[in-house]
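Accompanying notes for the structure given below.
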Amino acid sequence: MPGVAAPEARHPRYLSLSDPTFYFCFNDIMGLRADNVLPAFDATPGCRSLPGVPNVVLPGPCGPVLQSRMENLRFSVDVDASAQHVWNTMLNLDTYREWTGAFHEGSTYEGCWNEGDEIRFVGPNDDGTQSGLFGTIVESRPHEFVSVRYLGDIEKDVENRDGSAVGMHESYSFTEAGGVTTLVVDLEVPDEWADDMRGMWPDAVAAIKRLAEQI
């Protein structure tokens, strides 16, 4: 999710103590409050659930653990250009900054797209800091396929390796046939992020198509 702060950072609705699990036990939470969190009692004694957050209950170290469900999303577009050209349009820094405006104006990345590289996807905040996500390039086959495994999120220049982004996957594939390239974006995101992604990625792939076909 290029240059996008984690949804809980942009629209705080709950407290995430670890990812992919969220756990709230009486012994640990007593005295801890947040203005926008109204904890509700779970059916199991000793644990609190959070309203509005889809969860399943799993065994945990201090009672039940609430596991955020993951959702797989796919977006695709056909581009009248070679796979190499679409790859370059999507991932070269200058054009990357243009199409990621669909997520956040000023979005950019720091790092490279080579296998094993760590890469940061960030965007500016009003106070001059940056927020976003960071991860590792798991696989990279130039002009064919690239995948990212996220290691955490960034909030106001501070890396968080315990948030909802940890362990998420994202990949881009480029398949050319007859001079037309099909770009496919696959995402694995927490269920509570899915609506945001459905709203932004269609505009993003449309922008990639427009840029690739006009260059």
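The values are calculated or read from the model by the stated rules, or taken from the named source; none is laboratory data. Remember, it's a predicted structure, so these values are computed and weren't measured experimentally. Note that each Cβ is placed from the backbone with ideal geometry, even for glycine, and that neighbours are counted across all protein chains shown.
Got a number for residues in segment 109-128 being part of a strand (DSSP E or B) and not hydrophobic (A, V, I, L, M, F, W, C)?
Total satisfying the criteria: 6.
Given LEU133, LEU183, which one is more than 16 Å from the chain's Cα centre (by Cα) and buried (at least 18 other Cβ atoms within 10 Å of the Cβ)?
Exactly one of LEU133, LEU183 is more than 16 Å from the chain's Cα centre (by Cα) and buried (at least 18 other Cβ atoms within 10 Å of the Cβ), namely LEU183.
For segment 154-180, what are the residues that are over 15 Å from the mean Cα position of the chain (by Cα) and of a type in the set (Ser, Thr, Tyr)?
Matches in segment 154-180: SER173, THR175.
Kindly indicate the residue of segment 87-121 that is touching a Pro at 6+ places or on another chain (Cβ under 6 Å) and closer than 15 Å to ASP203 by Cβ and also surrounded by the most Cβ atoms within 10 Å (Cβ to Cβ) among those meeting that condition.
THR100
Which is at pLDDT 95 or above and in contact with a His (Cβ under 8 Å, 6 or more places away or on another chain), of LEU151, LEU183, LEU187?
Exactly one residue qualifies, and that residue is LEU187.
Taking ARG198 as the residue in question, decide whether it is among the charged types (D, E, K, R) and either in contact with a helix residue (DSSP H, G or I) (Cβ under 9 Å, 6 or more places away or on another chain) or without any contact (Cβ under 8 Å) to a residue 60 or more places away in the chain (or both).
Considered against the rule, which asks whether it is among the charged types (D, E, K, R) and either in contact with a helix residue (DSSP H, G or I) (Cβ under 9 Å, 6 or more places away or on another chain) or without any contact (Cβ under 8 Å) to a residue 60 or more places away in the chain (or both), ARG198 comes out as no.
Kindly evaluate VAL158 against the criterion of being surrounded by 15 or more Cβ atoms within 10 Å (Cβ to Cβ), out of contact with any helix residue (DSSP H, G or I) (no Cβ under 6 Å at 6 or more places or on another chain) and not charged (D, E, K, R).
no
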